[in-house]
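The values are calculated or read from the model by the stated rules, or taken from the named source; none is laboratory data. Given the structure is predicted, the values throughout are model-derived calculations rather than measurements. Ideal geometry is used to build each Cβ from the backbone, glycine not excepted, and the neighbour counts take in all protein chains shown. When the accessible area is computed, the model is the full protein with side chains, heavy atoms only, and any ligands, DNA or RNA have been set aside. Shrake-Rupley method; radii C 1.70, N 1.55, O 1.52, S 1.80 Å.
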Amino acid sequence: MENAKPINMVLLGPPGAGKGTQATRLIEAYKLLHISTGDMLREAVKEGGDLGGKLSDYMNRGELVPDEIVTKVVIERMSRPDAQGGVILDGYPRTCKQAESLDAALAGSGKRLNIVLYFGTSEDVLIQRLSGRRICRGCGRIFHTVNMPPKVENICDDCDGELYQREDDKPETVKNRLKVYEQSTHELIEYYREKGLLQEVDGSAPAEELFEAIHVLFQEKGLI
Ligand code: AMP
């Protein structure tokens, strides 16, 4: 599928709203680079060192990592050649301060955001989705124990990797993450609404239906 121009988009919505699943489909369909700050920060934790240790303290508590650290990581990633055809920002920005830093950095390199998709959904759906979410250690593919089970229990359909549950998908941390999300992103949603970039989609809809709805939205907005 040919894009009319690079699509730089932000996926907004609480953990479990289906952003990761849609991102996987969107990058393939529209040849975009997926930038997930959660994934990048988890990689940094795995690498260890001072930074990794500091990050894991915040992340294991379900708190946000300081803005300066996250913004630096994202801007650096967006400056590389493979990001020039368009990106999906997933999990960033999470605060107005991050959104302002992002706008400034994009303007400085002659780019801008084209669309912000807000995945609206209920808390019950989120808790059910997060507690059943399983991820492949090998390729990162996302499964769900009930909604999208692998063919063989705990084994990835694609690469035979072992599936695991994220530490912060366990019930107590999930509740804190949803609370932190709610507090920090309310103003962010307004920020993008005022800029005319916000488009709300139904995060509780089945993945295929939602993907189709996003495709139609892209057509309406002249992005494809
Ligand atoms: P996620 O995979 O998006 O749910 O992110 C997991 C954790 O990484 C969050 O609970 C935060 O601790 C951290 N994190 C990810 N993105 C950001 C961000 N934009 N700002 C601050 N912390 C973040």
(request) All but one of (1) in a helix (DSSP H, G or I); (2) over 16 Å from the mean Cα position of the chain (by Cα); (3) over 16 Å from Pro93 (Cα atoms); (4) of a type outside the set (Ser, Thr, Tyr) hold for Leu163, so report the exception by its number. (result) (1)
(message) Checking the structure you have, find out if any residue of segment 72-80 is acidic (Asp, Glu), within 15 Å of Thr37 (Cα to Cα) and more than 9 Å from the ligand (Cβ to nearest atom).
(response) yes
(request) Answer yes or no: is there a residue in segment 45-52 that is open to solvent by less than 30 Å² (accessible area, probe 1.4 Å) and within 19 Å of the chain's Cα centre (by Cα). (result) no
(message) Please go through segment 176-216 and give me each residue that is farther than 15 Å from Thr95 by Cα, of a type in the set (D, E, K, R) and within 18 Å of the chain's Cα centre (by Cα), ordered by number.
(response) Glu200, Asp202, Glu208
(request) For Gly86, indicate whether it is crowded, with 17+ Cβ neighbours inside 10 Å, more than 15 Å from the ligand (Cβ to nearest atom) and at positive phi. (result) yes
(request) Give segment 103-138 a look and list any residue that's under 28 Å from Glu162 (Cβ atoms), open to solvent by 70 Å² or more (accessible area, probe 1.4 Å) and either touching a Phe, Trp or Tyr at 6+ places or on another chain (Cβ under 9 Å) or assigned to a loop (DSSP other than H, G, I, E, B) (or both), or say none. (result) Arg137
(request) Take segment 1-17 and flag every residue that is open to solvent by less than 20 Å² (accessible area, probe 1.4 Å) and touching a Lys or Arg at 6+ places or on another chain (Cβ under 9 Å). (result) Asn8, Leu11, Leu12, Gly13, Pro14, Pro15, Gly16, Ala17
(message) Among the residues of segment 167-189, are any in contact with a strand residue (DSSP E or B) (Cβ under 7 Å, 6 or more places away or on another chain), open to solvent by 30 Å² or more (accessible area, probe 1.4 Å) and within 14 Å of the ligand (Cβ to nearest atom)?
(response) no
(message) Just to verify a result, which residue in segment 22-50, among those that are small (Gly, Ala, Ser) and farther than 24 Å from Ser204 by Cβ, is nearest to the ligand (Cβ to nearest atom)?
(response) Ala44
(request) Please tell me if Gly62 is within 11 Å of the ligand (Cβ to nearest atom) and either in contact with a Cys (Cβ under 8 Å, 6 or more places away or on another chain) or at pLDDT below 90 (or both). (result) yes
(message) I'd like to verify a number: residues in segment 89-115 that are within 16 Å of the chain's Cα centre (by Cα) and away from the ligand (no atom under 14 Å from the Cβ), how many?
(response) 2
(request) Any chance you could count how many residues in segment 197-224 are in a loop (DSSP other than H, G, I, E, B) and either surrounded by fewer than 15 Cβ atoms within 10 Å (Cβ to Cβ) or modelled with pLDDT under 95 (or both)? (result) 8
(message) Let me spell it out: the conditions are (1) surrounded by 12 or more Cβ atoms within 10 Å (Cβ to Cβ); (2) over 16 Å from Ser131 (Cβ atoms); (3) within 16 Å of the ligand (Cβ to nearest atom), and Asp157 meets all of them except one. Which number is the exception?
(response) (3)
(message) Give all pairs with beta carbons closer than 7 Å in which a residue from segment 86-102 that is under 11 Å from Ile189 (Cα atoms) meets a residue that is near the ligand (Cβ under 9 Å from one of its atoms); count only pairs at least 6 apart in sequence or on separate chains.
(response) Arg94/Leu64; Arg94/Ser184; Thr95/Asp67; Thr95/Ser184; Ala99/Pro93
